[in-house]
Amino acid sequence: MSDCLFCKIIAGEIPANVVYEDDKILVFKDIYPKAAVHLLMIPKLHIESLEKLDESHNDLIAYMMLKLPVLADEQGLSGGFRTIINTGKGGGQEVFHLHIHLLGGKNLPGF
Ligand code: AMP
Ligand code: ZN
């Protein structure tokens with residue numbers, strides 16, 4: 001997707017503060033952090049949003065979910081963390097490439 005910000009980050013066309021990368025996913029620091037630790041996990045595959053997932057993505061999504069606590073642990077979030085997926089304009093999604101927010105670092109306020 002040539003006009004997708006996160007695809008451009010994956011391609012290295014836009015810089016990002018990358019904390020983890022493999023063949024399936026990229027994890028980088030949110031440019032406007034809303035917590036002491038605020039990472040974004042994205043699949044390298046361009047998927048617009050949670051609404052566009054189908055069963056062909058089962059393995060990828062399971063892989064991402066299992067990686068979240070590993071990353072949280074590496075970030076020192078032993079007390080817990082929060083994950084958020086904003087979906088669609090009504091859900092506050094601004095970048096239309098599926099991403100999971102990983103937040104923590106201090107006790108977060110109740111949601
Ligand atoms: P959402 O509202 O769920 O679509 O979240 C998009 C997130 O991407 C926001 O938290 C932004 O701060 C973040 N963001 C936007 N541009 C960049 C960028 N160039 N590098 C890192 N994070 C970004
Ligand atoms: Zn994309």
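The values are calculated or read from the model by the stated rules, or taken from the named source; none is laboratory data. Owing to the predicted nature of the structure, the values given are computational and were not obtained by experimental measurement. Neighbour counts are summed over all protein chains in view; Cβ atoms, including those assigned to glycine, are modelled from backbone coordinates with ideal geometry. Note: areas computed on protein heavy atoms with side chains; ligands, DNA, RNA excluded. Shrake-Rupley method; radii C 1.70, N 1.55, O 1.52, S 1.80 Å.
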Residue identified as open to solvent by 50 Å² or more (accessible area, probe 1.4 Å), under 23 Å from S78 (Cα atoms) and among the aliphatic types (A, V, I, L, M) among A36, A11:
A36
Does the stretch 1-15 hold any residues that are within 13 Å of ligand 2 (Cβ to nearest atom) and without any contact (Cβ under 8 Å) to a residue 40 or more places away in the chain, and which are they?
S2, D3, K8, I9, I10, A11, E13, I14
Quick one: in the stretch 89-111, of everything that is of a type in the set (A, V, I, L, M, F, W, C) and either in a loop (DSSP other than H, G, I, E, B) or over 18 Å from I31 (Cβ atoms) (or both), which residue is most open to solvent (accessible area, probe 1.4 Å)?
F111
Just one of S78, S49 is open to solvent by 20 Å² or more (accessible area, probe 1.4 Å) and of a type in the set (S, T, N, Q); which is it?
S78
